[in-house]
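What follows is one structure encoded as C-alpha cells, with my remarks underneath.
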Amino acid sequence: MDDRKSESMQNVILENRGRLNISGVNDVLNFDENTVNVNTELGLLCIKGYDLKLNRLNLDNTELLVEGTISSLAYSDSHQKGSFIQKLFK
C-alpha cells in the first residue's frame, strides 16, 4: 500500500444522492453545475451530476459540502494522470 495513502484520512458521505460531505480536501480545481473537480489527500476526485452547488468550503478544516443531484464520484491519481499525458505527447 502507498505510504501517502496510509497516512491520509478522508471521509466521503453521500446522503440520498443529493448531499455530499467530503473531508481531506486540499483545493477545488474547478466547478460548474455539472462537474466539480477536487484535489484531495487521496488523489483527484471528479464529482458529476446536475444542479451542483458548493454550499460550504472550509480549507482550514479540509471540508467540502456539495449539494445537487449527484450521479458519480471517480478518483484518479494525479501522478498517474500526469505520466499518462506525458506519454501521450512523447
Notebook entry, point to check: LYS53: net charge of surrounding residues, Cβ under 13 Å, Lys/Arg +1, Asp/Glu -1, itself excluded?
Noted result: -2
Next item on the list: Report the extension gain between ASN58 and SER8 in nm, rounded to one decimal, defined as 0.36 nm multiplied by the number of residues separating them, less their alpha carbon distance.
Entry: 16.2 nm
Check: How far is it, in nm, from the label point at ASP77 to the one at ASN34 when both lie 7 Å from their Cα along the line to the Cβ?
Finding: 3.0 nm
Item checked: Spherically averaged projected area in nm², based on the convex hull that wraps the Cα atoms of the stretch 2-64 -> 4.3 nm²
Checklist line | Whole-Hz couplings from phi, Karplus 6.51/-1.76/1.60, listed for the stretch 30-40; x for Gly and Pro | finding: 6, 7, 8, 6, 10, 8, 10, 10, 10, 8, 10
Check: Out of residues 5 or more away from GLU63 or on other chains, whose amide H comes under 5 Å of its own, with H placed 1.01 Å from N in the peptide plane?
Finding: VAL25, ASN58
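FYI, it's all coordinate maths here, none of it is from the lab. Because the structure is predicted, anything quoted here is derived from the model rather than measured. Note: ideal-geometry Cβ built from the backbone for every residue, glycine included; neighbour counts use all protein chains shown.
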